[in-house]
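To start, the structure under review is shown below, and the notes come after it.
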Amino acid sequence: MNNKLIKLFLVNLITTVASYAQQPNIVWIVSEDNSKHYMKLFDEHGIATPNIENLAKEGIVFDCAFSNAAVCSAARSTLITSTYGPKLATHYHRAEGKVTLNNTQEMFPAYLRKAGYYTANNAKEDYNIYKSNEVWDESSKKASYKNRKPGQPFFYVFNIETTHESRIHFTNETMNTTKTTMNPAEVFVQPNHPQTDLFRYTNTYYRDKIKAMDTEVGAVLDQLKKDNLLENTIIFYYGDHGGVLPDSKGYLTETGLHIPLVVYVPKKYQDLAAFQPGSRTNSFVSFVDFGATVLNLAGVSVPKTMDGKPFLGKNISKNELEKRDETIGYADRFDEKYDMVRSLRKGNLKYVRNFEPFNVDGLMNEYRYKQLAYKEWFELFKAGKLNAVQSQFFEPKAAEALYDLDKDPFETKNLANDPAYQSQLVSLRKKLHSWMEKQPDLSLYPEFYLLDNAIQNPLEFGKKHQKDIKKYLKIADLEVLNFDKAAPKIVKCLQSKDKWERYWGLIVATSFGEQAKSLTAQITTLMKSDTEIINRVRAAEFLAIVAHQNTSQPILEALYQSKKETEALLILNSIVLLKDFYQKYPFQLELEKIDKKVRENYTVGRRLEYLATK
């Protein structure tokens, strides 16, 4: 090798090492399924987590950090793209068909790799999106930052499963034989839950899992220290969405969305943080912001396709951050349970929009109901042993709800009809409507339609159908009017040649309950003649809920005709809803009449298994 080549090699090596030295390592320590409510660092009723608390002494505590979805795959799909789920149809848990990102968008670690980072994920992914080969250098239970090149900066994710929902699926024998750290008789049980021995034990058992998780966080921190990496590494600790006690994971409650977040920024990189070590902030940050923040910390340009805004890195001021006071939440399908809900929290006020308010939060979800506390709660409801607040979980909802979280942190008192809050209600309603239009929110179409038409390029589909989505959203929002004003518009929708106008007209009509009985004759005609299977089911659902008719046979006939798994799943959602909460009429399923492909779908199978036991 001649001198010129040697000199060139050394210059390139020095340049590369110098570039590496300017880029911080970034580590995410992620605990599954725990909101901030069960940790003493964030809530007086929580358990001590000494390792996370020690990290907080030198880090920044974000008191207003949120997942945008309340379940793993939807939350993680938002994290990995830094893009809102309803815009990409990535928010259905679990995906019946994975989304393809178009060529203008990639999962954010791919941008880090292009900038020279080593990316390693240990080990959970759970994305509702097809992953390219450009995202991770390693993604497995053996993945580690230690496999990088000498001096190479890294982005490392370490997932802790100890607090996952499955760990709370204990038996009665466990309750009788396993002691908890705290005395169950002294533990706080939130006011919308039954104040029973089982709920007290479940609370203490869960807090012990959080304590064990904290020990695992400490082990990761100790390893980074042992490897002499703390002075060069920015560390995030956070929960991947809310907790697993009933009415949290899977629901847009604060216990489902409000996560713990601590970020440690070493002295070397203090210019990348707007807040001092050991401080706390009420600035609102959400999962949609996390990917953009990591890119900004690494000095990588944030793609315009991302919705998220960085909250750390260069050119982020404390003044601007302290003005951030909003977060969006979304929910559609969790496993086999459907219910379209959106939320907007601004400061201490939380606005919730229930697009199918006749749905019941406590509707059977097989995985949720593996937890003994869920089973007991439902049994107590059926036995009439709950108070008004505790019963809300099993009752139809209002189309919109408003909560003052300073006064009502567990969202038990709906202020939507309180005259003192009307200006705030209208403002938040308009703001959420505008956000859904702008996305646009693809859930204004049923999931099965999106699977057939949108998931190959959801951004392009949304752009092409934005006017239609705006139209359907306007119809859906008839639910917030009084019936007399909404009725003529509902009638017009029911007569429309557009099947999705009829679809939303039927949902809106059902949302008004017995006020909408005058529409019975017209909707009976649709149940018999609509060309769209799901519209015939929605019509039958209206007639069962509003007109108290036995429409089990027309719904079953629609189920037998369906050839699409998620269409059948939506029909089964109506069957379980009517069977458990509205009708006394039996649904005599004939399994052999259900399409074989539909019947063999795993998620459909959960519904069929449940119905077989009823």
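Taken together, the values in this text are just the output of simple stated rules run on the coordinates, not laboratory data. Note that the structure is a prediction, hence the values are computed from the model and not measured. Note that we place each Cβ from the backbone using ideal geometry, even for glycine, and neighbour counts take in every protein chain shown.
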- [ ] Pop a pseudo-label 7 angstrom from the Cα along the beta-carbon direction at both Thr196 and Lys142 and give the gap in nm to one decimal.
- [x] 4.7
Open item on the list: Just to check I understand the Karplus step: with θ = phi - 60° and J = 6.51 cos²θ - 1.76 cosθ + 1.60, what whole-Hz values come out for the range 285-301, glycine and proline as x?
Closed with: 10, 10, 3, 4, 8, 5, x, 4, 5, 4, 4, 5, 4, 7, x, 9, 4
Open item on the list: Using helices alone, I'd like the mean residue ellipticity at 222 nm for the chain: each DSSP H run of four-plus residues gives -39500 (n - 2.57), total over residue count, nearest 500.
Closed with: -12000 deg cm²/dmol
TODO: Using per-residue counts of other Cβ atoms within 10 Å, averaged over each peptide, order 220-233, 351-364 from highest down.
DONE: 351-364, 220-233
- [ ] Enter the angle in degrees (range 0 to 90, nearest 10) between the Cα long axis of helix 197-226 and the first principal axis of the Cα atoms of the chain, meaning the one along which they spread out most.
- [x] 30
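Please give the contour-minus-distance gain from Glu514 to Asp63: 0.36 nm per residue of separation, less the Cα-Cα distance, rounded to one decimal in nm.
My answer for the length gained is 158.1 nm.
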- [ ] Measure off 7 Å from each Cα along the Cα-to-Cβ vector at Thr215 and Lys492, then give the distance between these two points in nanometres to one decimal.
- [x] 6.5
TODO: Just subtract the alpha-carbon distance of Lys464 and Phe188 from 0.36 nm times their residue separation and send over the number in nm, one decimal.
DONE: 94.3 nm
Open item on the list: Once you place label points 7 Å from the Cα toward the Cβ at Thr174 and Leu591, how far apart are they in nm?
Closed with: 2.8
Open item on the list: Using only the alpha-carbon atoms, how far is helix 466-476 inclined from the longest principal axis of the chain? Give it as 0 to 90 degrees, nearest 10.
Closed with: 50
Open item on the list: Here are a few candidate values for volume of the Cα convex hull per residue in Å³: (1) 167; (2) 190; (3) 304. Which one was actually calculated from the structure I just gave you?
Closed with: (1)
- [ ] Can you tell me the 0 to 90 degree angle between the C-alpha axis of helix 520-529 and the longest principal axis of the chain, rounded to 10?
- [x] 70
TODO: Using packing as a proxy for protection, rank 490-503, 177-190, 421-434, 278-291 so that the peptide with the highest average count of other Cβ atoms within 10 Å comes first.
DONE: 278-291, 490-503, 421-434, 177-190
